[in-house]
Amino acid sequence: MTTLYRDWKMAPGSEVDGFLFLTGFNGMGLDGTVSKDAATQIETAFDQVFSVLEKARMDASHIVEVTSYHIGLKDHLAVFKAIWGQRMCEPYPAWTAIEVAGFASDGVVIEMRVVAHR
């Protein structure tokens, strides 16, 4: 994720007082590819979130809040919920899903904002 830091001038995550605030991770792979499949994009976003958590020695149990942003929310909400159910664990975090008009990267349909706590 060095490219994010170098080119976008943003950290993948910043920790303050035990809270880890993650950059919004979307369905674009770190190699710049975007699948046309919503499920693949959702998995990609989760993979990136969990990669940052792992570097911080955290896991799903540390996540306290998620805001997910979607283009076509109703088209892939069931898929998102199914993947969420596979990737998250108790205690479940607060979650808000929001429909948006677009993202900076073409073809992206999902982005997640995550806050974790030690």
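Report, by residue number, each residue of segment 48-70 that is in contact with a helix residue (DSSP H, G or I) (Cβ under 8 Å, 6 or more places away or on another chain), in a strand (DSSP E or B) and of a type outside the set (Ser, Thr, Tyr). Selection gives Ile63, His70.
Does Arg113 satisfy the condition of being surrounded by fewer than 17 Cβ atoms within 10 Å (Cβ to Cβ), within 12 Å of the chain's Cα centre (by Cα) and under 25 Å from Ala11 (Cβ atoms)? For Arg113, the condition - surrounded by fewer than 17 Cβ atoms within 10 Å (Cβ to Cβ), within 12 Å of the chain's Cα centre (by Cα) and under 25 Å from Ala11 (Cβ atoms) - is not met.
Each residue in segment 55-90 was checked for being among the basic types (Lys, Arg) and either within 19 Å of Gly107 (Cβ to Cβ) or within 14 Å of the chain's Cα centre (by Cα) (or both), and 3 of them qualify. Go through the residues of segment 40-55 one by one and say whether even a single one is without any contact (Cβ under 8 Å) to a residue 12 or more places away in the chain, of a type in the set (Asp, Glu) and farther than 17 Å from Phe103 by Cβ. Yes - at least one qualifying residue is present in segment 40-55. Would you call Val66 in contact with a Pro (Cβ under 8 Å, 6 or more places away or on another chain) and modelled with pLDDT of 95 or more? In short, yes.
Restricted to segment 1-46, and to residues there that are loosely packed, with under 14 Cβ neighbours inside 10 Å and within 24 Å of His117 (Cα to Cα), the residue that is farthest from the chain's Cα centre (by Cα) is Asp17. Among the residues of segment 91-110, those that are under 14 Å from the mean Cα position of the chain (by Cα), more than 23 Å from Val16 (Cα to Cα) and not in a loop (DSSP other than H, G, I, E, B) comprise Ala97, Ile98, Ile110. Restricting attention to segment 68-110, the residues being more than 27 Å from Met58 (Cβ to Cβ), surrounded by 13 or more Cβ atoms within 10 Å (Cβ to Cβ) and not hydrophobic (A, V, I, L, M, F, W, C) number 1. Contact map, segment 86-108: first residue free of Cβ contacts under 8 Å to residues at least 60 places away in the same chain, second residue aromatic (Phe, Trp, Tyr), Cβ cut-off under 7 Å, separation 6 or more or different chains; pairs are Arg87/Phe46; Ile98/Tyr69; Val100/Tyr69.
The values are calculated or read from the model by the stated rules, or taken from the named source; none is laboratory data. Because the structure is a prediction, the values reported are computed rather than measured. Cβ coordinates were reconstructed from backbone atoms using ideal geometry, including for glycine residues, and neighbour counts include every protein chain displayed.
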